[in-house]
Amino acid sequence: MDQRYIITTGFFCGKNWRNTGSQAEANRICAFFDIWLKNTTMFARPVDIITIAAPSDQLPAPELRKGQWLYLQHNLGHAHDLDSMDISPKFCGWSAAYILGAMTAYANNCDYIFKEQDCLAFGPWVDLMYRTLDETGCEMLVGRENVMGMRLEQSLTIIKHSFILEFVKLFLEWPGSDGGKGKYKRPEIKFAEIMDYSMGKIGHLPFGYGRTRPSFGIDTRKPFYLQQITPQELEILRNGKLV
C-alpha cells in the first residue's frame, strides 16, 4: 500500500483544568515537543508535519517549529473546560484541531495520521498501521482503551484518504457537545459510536498502549506508543536509548 501521509498534532501550553500554567510547566511542555519531533521523524517519513497551535503562554524554540504551523487566534478549550460554561461550543479545541488536520490531509491528497502532542510512538509503527489497513480492509484505525469506561482512545490514529470526508461528515453531524453543564458526549464516546456505526470501516491499532500500561511490562522489540508519559517513564525511555 502506498504510504503518502501527513502527520498532524495540536499544541497548547497554558493553564487549563489539568495544567497550572507555571513557568516550570511551560518549560517542560516546550521541551517535550523537541522529544516529540525527534520521535516522530525517527520512525515516520510523512509528506509534511502540521502543528495546530492554540494561543499559548509559551511556544517551542523557533528551530523546533518545523513543518507547517497554524496559529489559531482563539482556544476552544479542553473538553473538561467546557463543563464550566453555561453555553459551550459543540467542539473542544482537540476536536477542532483533529478535523482541521483531517481536511488538510484530504486537500493534499494524503492519508491522515494524528499523533497527539504528548504521544510518542516507537518501532515501525507506520508500516504496521498500513499493513493492518491492508489486511483488515479497514479505512481508519484508533487505539484501544480500558480506562474510565472508554473503549478507545485517539492519541494516535490513521485515516485513509478515501474515508476522510465520510468520517469528518459523521463527526461534525454526530449529536452531542464535547462538554458542558448539561448532557454531553466526550470525543472518545463519539468515536466509539461512529466506530459501531461504520460497519467495520474503523478498527483498532494492532499495538498498544496509549494511556494504559500493561501489567506484564512493555516489549520494546515490538511497535508501541505511549501517551501522558510521566517524568519517571521518560527517564526509563532515555535509559533505554528510546528517546
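The values are calculated or read from the model by the stated rules, or taken from the named source; none is laboratory data. A quick note: this is a predicted structure, and the numbers were derived from the prediction, not measured. Counting neighbours? That spans all protein chains shown, and the Cβs are built from the backbone with ideal geometry, glycine included.
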Here the qualifying pairs (Cβ atoms under 6 Å; residues six or more apart or on different chains; first in region 67-88 and at pLDDT below 75; second surrounded by fewer than 14 Cβ atoms within 10 Å (Cβ to Cβ)) come out as H80/W17; D81/W17
D127: passes all of (1) acidic (D, E); (2) modelled with pLDDT of 95 or more; (3) over 26 Å from I218 (Cβ atoms) but (3)
Given the criteria among the polar types (S, T, N, Q), surrounded by 19 or more Cβ atoms within 10 Å (Cβ to Cβ) and at pLDDT 95 or above, does T157 qualify?
yes
> Got at least one residue in region 125-139 being part of a strand (DSSP E or B), at negative phi and surrounded by fewer than 19 Cβ atoms within 10 Å (Cβ to Cβ)?
Replying inline: no
Within region 213-236, residues being on the phi > 0 side of the Ramachandran plot and over 18 Å from the mean Cα position of the chain (by Cα) number 1
* Asked: Does at least one position in region 143-151 carry a residue that is surrounded by fewer than 17 Cβ atoms within 10 Å (Cβ to Cβ) and assigned to a helix (DSSP H, G or I)?
  -> no
Residue set T220, T230; condition modelled with pLDDT under 90 and either surrounded by fewer than 18 Cβ atoms within 10 Å (Cβ to Cβ) or more than 30 Å from L76 (Cα to Cα) (or both); output residue T220
Across (1) closer than 20 Å to S155 by Cα; (2) touching a residue at least 12 places away in the same chain (Cβ under 8 Å), N109 clears everything bar (1)
Residue hits (region 30-59; β-branched (V, I, T) and free of Cβ contacts under 8 Å to residues at least 40 places away in the same chain) are T41
Condition set in contact (Cβ under 8 Å) with a residue 40 or more places away in the chain and in a loop (DSSP other than H, G, I, E, B), scope region 233-243, selection surrounded by the fewest Cβ atoms within 10 Å (Cβ to Cβ): answer is L242
- Message: Based on this model, can you work out whether R211 counts as farther than 18 Å from Y98 by Cα, surrounded by fewer than 12 Cβ atoms within 10 Å (Cβ to Cβ) and of a type in the set (D, E, K, R)?
- Response: no
Q) Could we say that K169 is surrounded by fewer than 20 Cβ atoms within 10 Å (Cβ to Cβ), under 26 Å from K90 (Cβ atoms), modelled with pLDDT of 95 or more and among the basic types (K, R) here? A) yes
